[in-house]
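A.B. asks: What follows is a single structure, and I will ask about it in a moment.
The values are calculated or read from the model by the stated rules, or taken from the named source; none is laboratory data. Model, not experiment: these values are computed from the prediction. Reconstructed Cβ throughout: ideal geometry from the backbone, glycine too, with neighbour counts over all protein chains shown. To get the accessible areas, we keep the full protein, side chains included, count just its heavy atoms, and leave off ligands, DNA and RNA. Shrake-Rupley method; radii C 1.70, N 1.55, O 1.52, S 1.80 Å.
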Amino acid sequence: MQAEDIAVITKMVADYNHMIDSGQAEAWADLFTADGQFDPGLMPAISGREALVEFAGGLPVMIPGARHHITNLSVDVQGDRATATAYLQLWTKGEDGKAALAMTGIYTDELVRTADGWRFSKRSMASD
């Protein structure tokens, strides 16, 4: 079961990136618990579904062409709780129209198994 949980969480982390980059705010917020929190580190933490939807809906406008890439994902499962960390690269379109590295950092996650599957209870980002 633990290997299956890790595979599900790994897919969820990848879906998170696709959803936020493509403006799927509702689907992105669904990856969090109802009282879930995202702490982007560069601004105050965002808590609760409504605030998460608003944040994700605005990201494509704030950071046009954003592409979140993660590497070195490490997931640890303990029953109905899990933790994860991953390195982050945020790419955008540079002024010349070519991809440009905008930021690097690390995600630190707290996840819980709910009736709807694994969800982030808290995701924190720290930029390098």
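A.B. asks: Just one of (i) -0.30, -0.67, -0.77; (ii) -0.34, -0.77, -0.87; (iii) -0.46, -0.84, -0.89 is log10 I(q)/I(0) by the Debye sum over Cα atoms at q = 0.10, 0.15, 0.16 Å⁻¹ as worked out from the coordinates here. Which one is it?
C.D. replies: Label (i) holds the value from this structure.
A.B. asks: Lys and Arg at +1, Asp and Glu at -1: add these up for the other residues within a Cβ distance under 15 Å of Glu50 and post the number.
C.D. replies: Values: positive: Arg49; negative: Glu26, Asp30, Asp35, Glu54.
Summing Lys and Arg as +1 and Asp and Glu as -1 gives -3.
A.B. asks: Turning to a different aspect of this structure: Nearest 10 degrees, 0 to 90: what angle lies between the long axis of helix 2-21 and the longest principal axis of the chain (Cα atoms)?
C.D. replies: Compared with the principal axis, the helix lies near 30 degrees.
A.B. asks: Still on this model: Please work out how much length the chain gains when fully extended from Asp80 to Ser127, using 0.36 nm per residue of separation minus the C-alpha to C-alpha distance, in nm with one decimal.
C.D. replies: Working: separation 47, 0.36 × 47 = 16.92 nm, distance 2.86 nm.
Fully extending the segment from Asp80 to Ser127 adds 14.1 nm.
A.B. asks: Then there is this: With every protein chain left in place and a probe of 1.4 Å, what is the accessible surface of Leu42, to the nearest 10 Å²?
C.D. replies: That residue has around 120 Å² of solvent-accessible surface.
A.B. asks: Just reorder Lys122, Lys93 by solvent-accessible area, largest first, 1.4 Å probe, all chains present. Kindly include the intermediate steps, with their values, before the conclusion.
C.D. replies: Numbers: Lys122 65, Lys93 145 Å².
Putting Lys122, Lys93 in descending order of accessible area: Lys93, Lys122.
A.B. asks: Something else about it: List every residue whose amide H lies under 5 Å from the amide H of Gly41, counting only residues 5 or more places away in sequence or on a different chain, with H placed 1.01 Å from N in the peptide plane.
C.D. replies: For Gly41, the qualifying residues are Met125.
A.B. asks: While we're on this one: Output ³J(HN,Hα) for segment 73-80: one whole-Hz value per residue in order, computed from phi by the Karplus curve 6.51 cos²θ - 1.76 cosθ + 1.60 with θ = phi - 60°, and x for Gly and Pro.
C.D. replies: 5, 10, 10, 10, 10, 10, x, 9
A.B. asks: Now, a different point. Enumerate by residue number the GluC sites (Glu not before Pro) in segment 19-119 meeting two conditions: DSSP loop (anything except H, G, I, E, B), and at most 12 other Cβ atoms within 10 Å of the site's Cβ. Mind showing how you got there, number by number?
C.D. replies: Working: sites: Glu26, Glu50, Glu54, Glu95, Glu110; in loops: Glu95.
Listed in order of number, the matching sites are Glu95.
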